[in-house]
Every structure is written in structure tokens, then in C-alpha cells.
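Read the figures in this text as sums done on the coordinates, not as results from a lab. Predicted, not measured: the structure shown is a model, and the values here were computed from it. Note: ideal-geometry Cβ built from the backbone for every residue, glycine included; neighbour counts use all protein chains shown.
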């Protein structure tokens, strides 16, 4: 049945209305095999935070790519200050004052922080020679505004993912924007860093900048936004003033059912110890990233590992998964001391990591959804010298159904999926190895509330089957 948009609680606003900085009108976007957007209207109110909400695959990022000039709509039009515009490229959008912070960070790891911030907009007073000193000074000022003293000379590849997110935000702030799109800007930030970002957003609003804010953190939405627009399955569902709604209202519009039914915690019997870690250390110059940590996991147990940015949560998981050969300490699985090993050996023994950074560490961008999903468990599908195609297809189909991954065909390239659905593929890849210990580093990063409930429900089912899970949510 076709979803019908709810009558908005906002008074009717025409494209020429002074309150509108931009309007997307009856936008449809068709990709091969799927309709990503179906006659969607979206209003961006001047000097306000306009939240765009929806499940993974609802069409949010596609709509924003159209507004930012990355994609062209199949039908529909964009109006800026009441006048129709046709965007030919991201550069064209940027010249009109439209900037974007992408969900998947758009940085060059082989360039410095300053070079990334001014990439394509280099400071060159003479028009011939880049003033690198001026770029470093300006970059330092932008990072200071975000309360980060990151060295502008550092390579982006040497930064933690949270620091890279700060650089991405600084890059957007370096532009003279009238409309700033922020697609999941806080997904890799700590609570303190989020507070700084919100102060910057308030300052931008005070200077008349219109912000489009996309986030799956609904408490952030109700706190920072002025208006909310909800998409579901590529269609407009509702639009409202934030002050007139609450989180349950948002969830119900997003998923089409009572939010109370999403998270149902069951009771799992905890059994004998399966994993023991003693005196785990990961040295760095002048100290330790992981400093003599000991912990234990039992079968059927789900343990949360908390800590601020830089506390060593991700590094501890990497030590356990064999990513860090320089780590020292003792790891016992089923009471037996594990020898030092690499990632493949740890997977074979039943310890699997779902990494925090899906783009760099969890996926291969140039291959399909199915091939990404099967990468870590190929040994399970061999029949002599050959891979059993039917067995592979069955395993992939079960994961697509079990995790509700929105994909028209698993043979599609992984980059055709939304960020949240890519995250589900990374989780599926770990589950297909049939692990004893599942280490999930930020498993809900960039995914919606319904997907979170599905992943948590899967974790409970795995725990009931005797698996031990350890997850690392950001505090």
C-alpha cells in the first residue's frame, strides 16, 4: 500500500515564501532496479536546523546528494530563494553556497589535514602558488573553533576516525555556506565533541546559515533541530515543528509501528567462562594505548565496553582479533592459552571483530554485497577445489533476510547501499564465520533505530545459543 504523507503541522509555505532558503519539490530519483525517491517535497527553512529522518535506505542521502549537486533528479525541481536552479556539479552547488559533510568521510588519506580542508579551494593569492603557511594558520583556527588542537601538518591517514570527522567538519566550515548539509556528523564523535559541534551550529544559525541535519540519534534531533521531515521507503511521511513532537512520534513515523515493540530484552542464562584476557598491553611511545587490561567473558553473555574517545576500546578489540601483533598479554579461549596469531588464525579459532570504520576496515568498495559478506568465511563454501555457489547464495539470502538488508540484488556493488545497510553487511560478514566470540566496535554507528533493534535482537539470539558478545558503544 502506498504511503501517504501526513498533513504537515507547519503552515503551508510556498516556494517564494521568505522563510524558505531552499525547497526540493516533487523529487523522484530512479536507479536501475529501484526507486530511491518518489515525489518527495522537502523544505529548508532559513537560519534553522532542518532535520531529515528515516530508516536506512529511506532516501535521505540520495536527496541530499541531489541538493548538493552530486546527483541529478529523474524528475522534480529545486528552488533557491524562490527561483528554480539546476545544479550541474558539487562545485556549482558550492558556488551557490551549498556545502555538505558526507556520512562516509570524503578525505584524502595521503594529504595533510590542512591540504584536505582546502582541497579544490586552495589559498593562492597570486593564482599560481599555494600559500601553505596561510592554509595551516586558517586550518588551525578552524580546528580551534571545534576545540581540537590537531596538527594541520599531520597526514589524515594518521588520525583516529573521530579526528577525521572533526577535519571533515572543519572542511565544511572553511566554505562560505548559506546551506550546510550535515549527514551523520556525530557518528564518530564523543559526547564532549558533540557539545562543541552543537555550539558551532548555534553560531551558524545566528549568522543566518540554514542547516540540514541527518542523524539516527533521535535525542540529538529533538534537542538541536527546529523542523523535522520524515522519509520512509523513498516517500515523504510527515513534516512538523520539533517543539510539537517527541521521540516516540519520530520512531512511529520512521518504522510505521509502536516504538515500544522494537526493543524487548529477554533473559539469557550465563554459563561457563569462554574467554579470559590477562594483562593485555599495546605499547606506544611513552606509554600504553592498552595498559595491562584483564577481563573475562562467559557463554551467553553480552558485555558492554565503554570509554571516551582515545580510551583504548577499539585498540583492545584489535589486540584480541589479531590485528595488533605488537600487543602482549595472555588470551585464553575455552581454558586454553592462544598463541600469538594474525586475524585469519583468530577467525579460525572463533574470535571475530566487526570494526568501527566500515569503509576502510570492513568492506572492499569495488566488489558486490554478496562477495563482501562472504570474504571472511569462504572456507565454509568449498567443495573440494571449488566454491559451492548454491551454498553461498543460501547463506547470503539468509543474512539479507535476517538483518533486513535493503538491497535489490546481492550482486550489486556494495557502494550502491546506504551507509546503514553497508554496516549490516559488515555485521553479516562476521556472523557468517560462526564465531564463538563476536567483538562489535560501534555496531550501531550510522544505522537507524529499527536496524539497531534488529542487531540487538540478533545478539540476544546468539547469546541464547551460547555465543559471547562484547560491544563497544560510544559513551
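Descriptive notes on the structure:
- Alpha carbon centroid spacing (whole Å) that separates segment 37-72 from segment 118-184: 25 Å
- Using alpha-carbon coordinates, inclination of helix 449-464 to the longest axis of the chain, degrees: 10 degrees
- Among 79, 417, the order by Cβ neighbours within 10 angstrom, fewest to most, reads 79, 417.
- Taking 0.36 nm per residue of sequence separation and removing the Cα-Cα distance, the residue 111/residue 246 pair yields an extension gain of 44.3 nm.
- Only helices enter the 222 nm calculation for the chain: every DSSP H run of n ≥ 4 contributes -39,500 (n - 2.57), and dividing by all residues gives -9000 deg cm²/dmol, rounded to 500.
- Segment residue 134-residue 292, length gained on full extension (0.36 nm per residue, minus Cα span): 52.5 nm
- Angstrom value of the Kirkwood radius, inverse mean 1/r, which spans all Cα pairs in segment 96-253: 16.9 Å
- Of all DSSP-defined beta bridges confined to the chain, some 60% are antiparallel rather than parallel.
- Relative contact order [Cα under 8 Å, 6+ residues apart], segment 273-472, whole percent: 26 percent
- Helix axis angle, 161-173 relative to the chain longest principal axis, alpha carbon, degrees: 10 degrees
- Average Cα contact separation per residue, the chain, under 8 Å, 6 or more apart, as relative contact order %: 16 percent
- Between residue 378 and residue 92, the FRET efficiency estimated from the beta carbon spacing at R0 = 51 angstrom works out to 0.70.
- Once the Kirkwood radius over Cα pairs is known for segment 273-472, the Stokes-Einstein relation at 25 °C and 0.890 mPa s delivers a diffusion coefficient of 141 µm²/s.
- As a length-normalised measure over Cα pairs under 8 Å and 6 or more apart, the relative contact order of segment 125-194 settles at 28 percent.
- Principal axes of the chain: Cα extent on each, largest first, Å: 71, 59, 45
- Whole-Å semi-axes of the ellipsoid equivalent to segment 20-170 (Cα gyration tensor, √5λ, descending): 32, 18, 15
- The chain: angle of helix 191-206 to the longest principal axis, Cα-based, in degrees nearest 10: 10 degrees
- Efficiency of FRET between residue 272 and residue 386 - r from beta-carbon atoms, R0 45 angstrom, step 0.05: 0.70
- Working value for segment 348-403: equivalent-ellipsoid semi-axes of 20, 14, 12 Å, each the square root of 5 times a Cα gyration tensor eigenvalue, largest first.
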